[in-house]
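Visitor: Here's a structure for you.
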Amino acid sequence: MSIFKKKDVASDLAKQPVLERSLSAFGLTTMGVGAIVGAGIFITPGIIAGKYAGPAVMLSFLLAAIVCTLAALCYAEFTSTIPLAGSAYTYAYSVFGEIIAWILGWSLVSEYLFAVSSVAGSWSAYFQNLLGGFGINLPVYLQHANGKGIDIIAIIIVLLVTALLISGVRESTRVNEIMVIIKIAVILLFIGVGAFFIKSGNFVPFIPKGFTDAAGIHHYGFGGIIAGAATAFYAYIGFDAVSTASEEVKNPKRDMPIGIIGSLGVASILYMTLSAVLVGIVNYKELANPAHQGDPVAYALTLINQNWVAGIVSLGAVVGMTTVLMVMSFGGNRLLFAIARDGLLPKTFSKISERSKIPVTSTIIFGVLAALIGGIVPLQTIAELVNIGTLFAFALVSLGIVFLRRDPQFKDNRTGFKVPFYPVIPILSFVMCVFLMLQLELITWKVFVVWQVIGLAWYALYGSRNSKVRHSL
């Protein structure tokens with residue numbers, strides 16, 4: 001049987017046991033905002049303003065949002081046409097065939113797994129700092145995953161999030177919605193308070209004179225805005241996790257496009273508005289100081305003597321990271337469920353609980369793996385897989401729209417959302433995603449290749465022999 005055999009979507013929808021359809025457009029939008037807007041919103045704008053774009057930091061976020069929107073439109077058409085779990089993996093299976101789907105799915109496994117693990121480490125560091133403010137300090141061997149100890153807090157928070165996800169989609173979505181509302185309220189508080197302390201002189205010059213350092217990095221000028229956009233792009237990663245919930249949405253043809261594009265729109269407005277207030281309070285030259293890049297929002301609040309807001313912002317950061325953990329964990333275990341249902345992973349990953357109607361086994365296994373990685377392994381050498389895996393998925397999904405429109409099996413199922421200005425937008429999205437992939441460091445590509453070699457070895461030894469699509473099991 002050909003390794004390029006495609007998934008029969010109509011047969012899958014008719015025969016496969018589906019997950020419970022309980023999510024609405026609002027629930028999907030909060031999931032997306034929960035994944036995109038994490039603690040990074042309090043840090044990334046300062047780094048981009050100080051190092052790359054100056055007061056034009058809003059343009060960097062706008063440019064990154066445009067690139068993401070192009071990819072989001074392509075995701076929206078796929079989710080509307082193919083309402084199955086698995087996100088880009090399932091879409092690739094339907095239009096490119098099994099081997100491409102496996103390579104992409106394996107890339108996404110790394111994205112979700114290492115994203116959860118790395119965010120858990122950040123959550124732990126932030127939480128330990130809060131505990132330190134009350135004079136509570138953990139034993140050194142329980143503070144960090146540095147080869148000499150473990151990060152016990154990272155392990156605990158991932159396991160707690162896993163337990164919440166096991167309780168059911170309705171319950172976990174309700175908690176996520178509450179936390180997203182809290183997070184947005186905290187961001188709006190900073191914007192509302194900070195707006196009264198903006199100095200117009202801090203926006204002059206809006207685009208400072210540019211220069212390129214010895215490492216070839218562009219600072220300020222138009223080149224700096226583009227370099228800042230490459231960094232800002234990763235702040236938007238997460239909206240694709242919404243597409244993994246396709247099989248659990250009440251009306252996927254209508255709700256999925258709203259959830260994906262809506263969450264990206266809300267996140268873009270929040271990022272750009274907070275950035276404008278930040279550089280209005282703090283001169284971009286001060287933000288270039290490494291001492292102020294770790295928490296620029298806190299520094300801004302100190303300058304305007306609004307320290308009472310800082311504690312609330314700390315709460316928003318912890319809540320923000322918690323929602324990221326929830327949504328990325330959700331996306332990861334749903335991906336494992338979809339791959340296992342096709343026979344490319346052991347079938348235990350595809351078992352659905354009769355009570356909660358969720359894949360409990362894949363949720364537990366994913367959570368335990370992410371907890372162990374976050375608690376034991378230093379992530380500096382593998383966290384970059386999050387970036388390249390996501391861009392690879394965006395590129396293939398964008399290109400996949402061209403194949404989707406030409407595929408005979410979807411000609412009678414074209415009542416949902418369609419990407420406008422076809423084929424310009426899909427092709428432009430593909431080109432821009434590949435361009436950003438080429439900007440990544442060489443070590444990132446090396447790790448990506450090693451990860452793919454491991455995945456192909458698994459496919460050769462197990463997946464190809466157990467594929468339900470290829471062997472009609």
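The values are calculated or read from the model by the stated rules, or taken from the named source; none is laboratory data. The model shown is predicted, which means the values in this text are computed figures rather than measured ones. Note that each Cβ is placed from the backbone with ideal geometry, even for glycine, and that neighbours are counted across all protein chains shown. All accessible areas refer to the heavy atoms of the entire protein, side chains included, with ligands and DNA or RNA removed. Shrake-Rupley method; radii C 1.70, N 1.55, O 1.52, S 1.80 Å.
Visitor: Sort out for me the helices (runs of 4 or more DSSP H) sitting completely within segment 47-136 that have 3 or more residues that are surrounded by fewer than 24 Cβ atoms within 10 Å (Cβ to Cβ), in contact with a Leu (Cβ under 9 Å, 6 or more places away or on another chain) and in contact (Cβ under 8 Å) with a residue 60 or more places away in the chain. It would help to see each step written out before you state the result.
Guide: Details: elements: 57-81, 88-95, 98-133.
Qualifying helices (runs of 4 or more DSSP H): 57-81, 98-133.
Visitor: I want to confirm something. Restricting to segment 335-362 and keeping residues that are in a helix (DSSP H, G or I) and polar (S, T, N, Q), which single residue is farthest from ALA101 (Cα to Cα)? Walk me through it before giving the result.
Guide: Applying the first criterion (in a helix (DSSP H, G or I)) to segment 335-362 yields 335-341, 347-350, 360-362.
Then drop every residue that is not polar (S, T, N, Q), which leaves 348, 350, 361-362.
Working: THR348: 20, SER350: 17, THR361: 22, SER362: 19 Å.
By that ranking, first place goes to THR361.
Visitor: So, one more: Considering only residues that are closer than 18 Å to LEU335 by Cβ, out of contact with any strand residue (DSSP E or B) (no Cβ under 8 Å at 6 or more places or on another chain) and not in a loop (DSSP other than H, G, I, E, B), look in segment 9-30 and name the one that is modelled with the lowest pLDDT.
Guide: Taking the candidates together, the pick is ASP12.
Each row is one residue, and each column tells you yes or no for (1) open to solvent by 10 Å² or more (accessible area, probe 1.4 Å); (2) part of a helix (DSSP H, G or I); (3) closer than 30 Å to LEU84 by Cβ; (4) without any contact (Cβ under 8 Å) to a residue 24 or more places away in the chain.
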| residue | (1), (2), (3), (4) |
| --- | --- |
| LEU264 | no, yes, yes, no |
| LEU301 | no, yes, no, no |
| ALA310 | yes, yes, no, yes |
| VAL324 | yes, yes, yes, no |
| ASN333 | no, yes, yes, no |
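Visitor: Quick check: is even one residue across segment 148-171 of a type in the set (Asp, Glu), at negative phi and free of Cβ contacts under 8 Å to residues at least 40 places away in the same chain?
Guide: yes
Visitor: Tally the residues that are at pLDDT 80 or above and within 14 Å of GLY54 (Cα to Cα), restricting the search to segment 290-307.
Guide: Result for segment 290-307: 1.
Visitor: State the number of residues belonging to segment 375-399 that are in a helix (DSSP H, G or I) and either at pLDDT below 70 or not aliphatic (A, V, I, L, M) (or both). Reasoning before the result, please.
Guide: We begin by selecting, within segment 375-399, every residue in a helix (DSSP H, G or I); these are 375-376, 385-399.
Filter once more, keeping what is either at pLDDT below 70 or not aliphatic (A, V, I, L, M) (or both): 375, 385-387, 389-390, 392, 394, 398.
The qualifying residues number 9.
Visitor: Before we move on, is ILE269 within 27 Å of the chain's Cα centre (by Cα), open to solvent by 40 Å² or more (accessible area, probe 1.4 Å) and at pLDDT 90 or above? Walk me through it before giving the result.
Guide: Working: within 27 Å of the chain's Cα centre (by Cα): yes; open to solvent by 40 Å² or more (accessible area, probe 1.4 Å): yes; at pLDDT 90 or above: yes.
Taking the combined requirement at face value, the residue satisfies it.
Visitor: Please state which one of ARG405, ARG470 is charged (D, E, K, R), at negative phi, at pLDDT below 85 and in a helix (DSSP H, G or I).
Guide: Working: ARG405 fails: at pLDDT below 85.
Among ARG405, ARG470, only ARG470 is charged (D, E, K, R), at negative phi, at pLDDT below 85 and in a helix (DSSP H, G or I).
Conditions (1) open to solvent by less than 50 Å² (accessible area, probe 1.4 Å); (2) assigned to a helix (DSSP H, G or I); (3) within 21 Å of GLN128 (Cβ to Cβ), marked per residue:
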| site | (1), (2), (3) |
| --- | --- |
| ILE155 | yes, yes, yes |
| ALA163 | no, yes, no |
| SER172 | yes, yes, no |
| GLY192 | yes, yes, no |
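Visitor: Quick check, is ILE207 in contact (Cβ under 8 Å) with a residue 12 or more places away in the chain, in a loop (DSSP other than H, G, I, E, B), within 19 Å of ALA371 (Cα to Cα) and more than 21 Å from the chain's Cα centre (by Cα)?
Guide: On the way: in contact (Cβ under 8 Å) with a residue 12 or more places away in the chain: yes; in a loop (DSSP other than H, G, I, E, B): yes; within 19 Å of ALA371 (Cα to Cα): no; more than 21 Å from the chain's Cα centre (by Cα): yes.
Here the answer is no, as ILE207 does not meet what is asked.
Visitor: Return the pair list, or none, for Cβ contacts closer than 7 Å from residues in segment 422-444 that are under 14 Å from LEU396 (Cβ atoms) to residues that are surrounded by fewer than 18 Cβ atoms within 10 Å (Cβ to Cβ), at least 6 apart or on different chains.
Guide: Cβ pairs passing all conditions: PRO426/VAL402.
Visitor: Would you check if there is a residue in segment 335-356 being of a type in the set (Lys, Arg), open to solvent by 40 Å² or more (accessible area, probe 1.4 Å), in contact with an Asp or Glu (Cβ under 7 Å, 6 or more places away or on another chain) and modelled with pLDDT under 85? Can you show your working first?
Guide: Filtering segment 335-356 down to residues of a type in the set (Lys, Arg) leaves 341, 347, 351, 355.
Subsequent filtering for residues that are open to solvent by 40 Å² or more (accessible area, probe 1.4 Å) retains 347, 351, 355.
Checking which are in contact with an Asp or Glu (Cβ under 7 Å, 6 or more places away or on another chain) leaves us with none.
Within segment 335-356, none of the residues are of a type in the set (Lys, Arg), open to solvent by 40 Å² or more (accessible area, probe 1.4 Å), in contact with an Asp or Glu (Cβ under 7 Å, 6 or more places away or on another chain) and modelled with pLDDT under 85.
Visitor: What are the residues in segment 244-256 that are open to solvent by 10 Å² or more (accessible area, probe 1.4 Å) and not basic (Lys, Arg), if any? I'd like the intermediate steps shown before the answer.
Guide: Narrowing segment 244-256 to residues open to solvent by 10 Å² or more (accessible area, probe 1.4 Å): 250-254.
Those that are open to solvent by 10 Å² or more (accessible area, probe 1.4 Å) and not basic (Lys, Arg): ASN251, PRO252.
Visitor: For THR244, indicate whether it is closer than 15 Å to ALA35 by Cβ, at pLDDT below 85 and among the β-branched types (Val, Ile, Thr).
Guide: When the stated conditions are applied, THR244 passes them.
Visitor: Shifting gears a bit: Mind checking which residues of segment 418-434 are hydrophobic (A, V, I, L, M, F, W, C) and either part of a loop (DSSP other than H, G, I, E, B) or touching a His at 6+ places or on another chain (Cβ under 9 Å) (or both)?
Guide: VAL419, PHE421
Residues are listed down the side, and each one gets a yes or a no for (1) open to solvent by 70 Å² or more (accessible area, probe 1.4 Å); (2) not in a helix (DSSP H, G or I):
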{"site": "ILE401", "(1), (2)": "no, no"}
{"site": "GLY416", "(1), (2)": "no, yes"}
{"site": "LEU436", "(1), (2)": "no, no"}
{"site": "GLN439", "(1), (2)": "yes, yes"}
{"site": "VAL449", "(1), (2)": "yes, no"}
{"site": "LEU461", "(1), (2)": "yes, no"}
{"site": "SER464", "(1), (2)": "no, no"}
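Visitor: Residues in segment 232-243: is at least one open to solvent by less than 50 Å² (accessible area, probe 1.4 Å), of a type outside the set (Asp, Glu) and in contact with a His (Cβ under 7 Å, 6 or more places away or on another chain)?
Guide: No - not one qualifying residue is present in segment 232-243.
Visitor: For segment 196-228, give me each residue that is among the aliphatic types (A, V, I, L, M) and open to solvent by 50 Å² or more (accessible area, probe 1.4 Å). I'd like the intermediate steps shown before the answer.
Guide: First pass over segment 196-228, keeping only residues among the aliphatic types (A, V, I, L, M): 198, 204, 207, 214-215, 217, 225-227.
Selection gives ILE198, VAL204, ILE207, ALA214, ALA215, ILE217, ILE226.
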